[in-house]
1. Of all residues in the stretch B:354-386, which are over 60 Å from the mean Cα position of the chain (by Cα), assigned to a helix (DSSP H, G or I) and charged (D, E, K, R)?
2. Among the listed residues B:716, B:798, B:768, B:726, which satisfies the condition of being at pLDDT 85 or above, outside any helix (DSSP H, G or I), outside the structural domain of residue B:555 (by TED's automatic domain parsing) and of a type outside the set (Lys, Arg)?
3. Under the condition of being of a type in the set (Gly, Ala, Ser) and either assigned by TED's automatic domain parsing to the domain that holds residue B:597 or not in a strand (DSSP E or B) (or both), which residue from the stretch B:500-550 is farthest from the chain's Cα centre (by Cα)?
4. Residues in the stretch B:220-235: is at least one at pLDDT below 90 and either in contact with a helix residue (DSSP H, G or I) (Cβ under 6 Å, 6 or more places away or on another chain) or assigned by TED's automatic domain parsing to the domain that holds residue B:430 (or both)?
5. Quick check: anything in the stretch B:332-348 in contact with a Pro (Cβ under 9 Å, 6 or more places away or on another chain) and on the phi < 0 side of the Ramachandran plot?
6. Does any residue of the stretch B:567-578 turn out to be outside the structural domain of residue B:73 (by TED's automatic domain parsing), in contact with an Asp or Glu (Cβ under 6 Å, 6 or more places away or on another chain) and aliphatic (A, V, I, L, M)?
7. Within the stretch B:166-220, restricting attention to residues that are aromatic (Phe, Trp, Tyr) and not in a helix (DSSP H, G or I), which residue is nearest to residue B:449 (Cα to Cα)?
8. Listed residues B:439, B:458; which is free of Cβ contacts under 8 Å to residues at least 24 places away in the same chain and either assigned to a helix (DSSP H, G or I) or at negative phi (or both)?
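The values are calculated or read from the model by the stated rules, or taken from the named source; none is laboratory data. Remember, predicted model here, so these are calculated numbers, not experimental data. Virtual Cβ from ideal backbone geometry, glycine too; neighbours counted across all protein chains shown.
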Amino acid sequence: MDEIQSGKELCDQFFEALRNREDIDQKMVALLKNLYSEDKLTGDNILQGLKTLRIEKEDEAESQT
Amino acid sequence: MKQRVKLKKLDGEGFRGILKTVWLDFEDGCKNLVLFGENGDGKSSFSDALEWFFTDKIEYLQREGCVREDYFNDVLPKAQDAMVEISFNRSDLDSKKILQREGGPLYSNNTEEFRKYIENSRKESFILRHHTMRAFIDKTKKDKLEEVEEIIGFEIVRETREVLLKALNALRSSTELTSLQVQLNEKGNEIVDIIGIKPFSEVDVLSFADELRKQLGYDKSISDVGTLKSVTDELYEKVKITEKGEQVAWLEQIRNNVSNSKKIPSFWEELNQVLTSHNNLASQRGKVEASALDKIYKAGVEALERGWAKAGECPLCKQPIDTDQLLESLKKEIESIQGLLEERNKNIEQVRLLRYRIRPLKESLSSLVEDKVKESLLAPHQFETLKSWPGLLARWGELMDKVEDSTESVIFELPSADSQNALGTTLTQLEETIASKKKILAETEEEKRFYQNIQKLKSLRDSYLRKREIDDKIRVYDRQKSSLEKIHQEFEEGEREGLSRILEAISKDVSEYFKFLHPGEDFDQIELLLTERRGLEFKLKFYGRPVSPPLKVLSESHLNSLGICLFLASAQYFNKTNGFLILDDVVSSFDVNHRRTLARLLRRDKFSDTQFLLFTHDDLWFDLLKQDLPPNRWLFKELAKWSHENGVEIIESPMSLRERIQDRLNRNDIDGAANKCRTLIEGILKQICEDLGVRLEYRSREKNDQREARELIDGLTTYLKANQSLRAKENKLLFNDLRADQLLTNIGSHHRNLKASSLARGDIEIALKDVDEFEALFVCPDCNKPVKISYSPRDSKLKQCECGKLWI
């Protein structure tokens with residue numbers, strides 16, 4: 001019975017395990033983790049967050065050139 | 001492990017069948033309870049009260065269209081509130097809950113601890129009713145999965161997966177990404193037009209640019225993107241140094257702006273489509289208004305689901321309202337406007353993309369009406385034609401703002417065919433003027449080549465840098481997409497594994513309970529398995545052969561017992577807060593043997609920490625439970641006959657069925673006594689027939705238990721005649737008497753219209769006397785044991801008692 005995880009435990013553990021994964025965008029991981037922990041994980045919020053990340057990336061690239 | 005919450009006392013007043021205050025007292029040890037009541041005596045009022053106490057609603061009544069008003073007892077004065085009060089083994093959770101005539105329900109316990117307790121309890125399933133026990137088995141695979149997810153608290157997992165998928169799909173079909181891909185293609189084609197190589201690499205672009213540089217006689221070479229940029233800028237500046245060069249560069253710039261401005265008609269066409277679609281939506285006034293309220297609806301749902309709003313009160317206007325019904329209707333409303341919202345969102349997305357394009361168009365057109373162009377390149381009528389367009393484009397921008405900000409229709413002016421033609425003609429004429437101006441500048445062939453090469457280099461540089469920019473943007477998108485795809489896929493796998501682990505554990509218990517309830521039957525390995533298309537189904541082995549769904553081979557009674565097993569197993573695993581379970585009349589379709597095994601299953605150690613409340617209208621089972629369940633841990637109570645004046649009444653239950661018949665007689669409840677007397681006669685006849693091995697017509701499964709007394713008497717008579725037993729005349733008379741008693745008690749229990757005039761106390765008393773005498777005929781006066789097959793020699797027609805003095 002102890003091996004069985006509740007839904008919340010499963011989600012907590014999943015988002016935690018995404019950290020330090022080289023094959024996954026860590027900024028996106030941080031975004032999803034934050035939204036999840038603040039109970040604001042919705043499709044719109046994810047898309048808005050991803051847009052902000054893209055803009056940040058463009059600004060970064062611009063400042064380098 | 002923290003001790004689970006159990007019931008100590010349950011009080012009700014004015015609620016459902018309960019009128020005056022009644023209570024079920026489970027005593028200090030929070031004992032188990034068996035509550036007997038005939039149909040209609042009000043047993044379910046207690047399970048209803050418990051359900052309402054925890055959830056604010058009674059689900060099965062709500063499904064039938066009942067509303068909060070129906071929860072009040074019919075006879076309760078209209079100004080009086082109803083109440084349910086529960087004491088628990090933890091006194092800090094004790095609370096009364098008032099069902100108010102005006103306003104929402106009120107708890108007397110307002111502590112944070114109690115609030116959390118109720119919140120946690122709402123996630124648990126602790127009531128199983130007769131009419132819902134098979135509901136799960138009958139559901140579709142998808143609904144089964146959803147229900148299990150709900151029971152085990154996996155909704156959060158499903159919701160998270162759905163959110164990730166929604167974001168992923170939106171990212172995949174992003175209009176911005178599509179537009180970037182279109183632009184990338186355009187830039188690629190421009191580069192191919194210049195360098196003439198397809199497909200091309202960065203090396204191809206740089207080599208071509210460096211070749212142009214050499215032709216221009218410039219000594220700094222182009223070897224990377226940095227030098228492509230710097231060398232092109234330097235060469236362009238060099239051109240502008242001479243007056244002729246400056247003039248040529250300016251004309252070239254104007255030519256570019258003319259070329260850009262030619263894209264206005266296609267832009268207009270796309271904008272026209274979006275505006276038309278927007279106005280179509282706006283014409284559906286009701287829906288548009290609803291869509292405007294979408295955010296309010298969603299906020300309302302969030303407030304209600306998260307418990308921010310007070311139960312029984314509208315979160316917006318604070319008026320009393322059934323919050324569950326409000327939540328349901330808000331969800332329906334949101335669903336009904338979903339399509340509309342999707343179309344509207346698509347329009348908004350289109351408008352945002354068009355906005356990217358309108359700025360360069362406006363800039364190009366504005367440059368064409370500048371003074372220098374007006375003076376040197378445009379005829380007055382051409383200037384007049386072009387002059388109106390920048391303003392028109394500004395108005396289109398305002399229209400796009402309106403589409404984004406409001407759901408109201410917009411009025412837009414369609415440029416007339418004449419004005420569109422005039423624009424096309426003017427732009428073409430302007431191109432011709434530029435060409436002739438360039439001719440007048442009398443460039444030498446060398447100069448022409450020089451300017452052309454510079455222009456080519458500049459165009460190559462601009463297109464390539466823009467292509468790189470777009471490439472970078474798309475790469476960021478792609479990385480986001482692939483990361484989100486991985487996250488979604490791994491989440492889905494994790495969800496499936498987590499669910500499978502849980503299902504495996506539950507299945508093990510379901511299988512164990514089911515086999516306990518059906519010993520010796522060829523059912524095995526009952527499993528709940530995830531199906532391919534996000535569903536759930538039972539699978540079992542029947543005579544070693546896998547069967548799914550179980551409906552194929554299980555009888556009604558077996559399916560019901562599967563429902564009970566699933567309920568017990570899931571409650572064992574997932575009810576962490578509450579340790580009580582209510583089984584409301586769940587054994588009605590069980591045969592006698594399985595009823596007894598159910599009682600034995602419930603008294604097993606596995607359930608020692610569970611408090612059971614068993615409600616039944618089955619006299620015989622009630623009697624069997626009294627024999628099978630330990631009295632130190634179980635209480636037995638009965639409901640008196642329900643009346644309009646008194647509502648539900650609880651009485652202590654005498655131990656034996658005979659005592660209970662007597663008790664009913666003492667209360668002058670003749671119908672109740674007759675009903676129990678019928679059960680007594682049937683029970684005794686079934687026992688005697690079984691003891692003697694009386695042959696009866698074959699019937700399968702539970703139908704075997706549904707034999708009436710008349711059939712049993714006939715079978716017994718045939719047996720006795722064949723064996724020439726009980727030949728004495730008085731014994732024959734006793735048979736006739738029993739037939740008459742059976743008929744009489746049947747009238748009492750089934751024929752409600754005849755009861756008042758047909759039955760009297762004396763009838764039942766005589767029937768009881770007959771039953772005693774009849775039963776004694778089959779018991780040996782010496783050893784005091786009944787005649788039974790098990791005492792008798794094999795193949796003997798007659799059966800004997802234990803001492804062998806009585807043969808029948």
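1. B:371, B:372, B:374, B:375, B:384
2. So the residue among B:716, B:798, B:768, B:726 that is at pLDDT 85 or above, outside any helix (DSSP H, G or I), outside the structural domain of residue B:555 (by TED's automatic domain parsing) and of a type outside the set (Lys, Arg) is B:798.
3. Just the residues of the stretch B:500-550 that are of a type in the set (Gly, Ala, Ser), to begin with: B:500, B:505, B:507, B:511, B:520, B:535, B:544, B:548.
From what is left, the residues that are either assigned by TED's automatic domain parsing to the domain that holds residue B:597 or not in a strand (DSSP E or B) (or both) are B:500, B:505, B:507, B:511, B:520, B:544, B:548.
Values: B:500: 19, B:505: 22, B:507: 22, B:511: 26, B:520: 38, B:544: 35, B:548: 23 Å.
Among them, the one singled out is B:520.
4. Within the stretch B:220-235 (the criterion being at pLDDT below 90 and either in contact with a helix residue (DSSP H, G or I) (Cβ under 6 Å, 6 or more places away or on another chain) or assigned by TED's automatic domain parsing to the domain that holds residue B:430 (or both)), the answer is yes, since at least one residue qualifies.
5. As a first pass, look at the stretch B:332-348 and keep what is in contact with a Pro (Cβ under 9 Å, 6 or more places away or on another chain): none.
Within the stretch B:332-348 (the criterion being in contact with a Pro (Cβ under 9 Å, 6 or more places away or on another chain) and on the phi < 0 side of the Ramachandran plot), the answer is no, since none of the residues qualifies.
6. Scanning the stretch B:567-578, I find at least one residue that is outside the structural domain of residue B:73 (by TED's automatic domain parsing), in contact with an Asp or Glu (Cβ under 6 Å, 6 or more places away or on another chain) and aliphatic (A, V, I, L, M), so the answer is yes.
7. Step by step, filter the stretch B:166-220, then rank; the result is B:218.
8. Going through B:439, B:458 in turn, the sole match is B:439.
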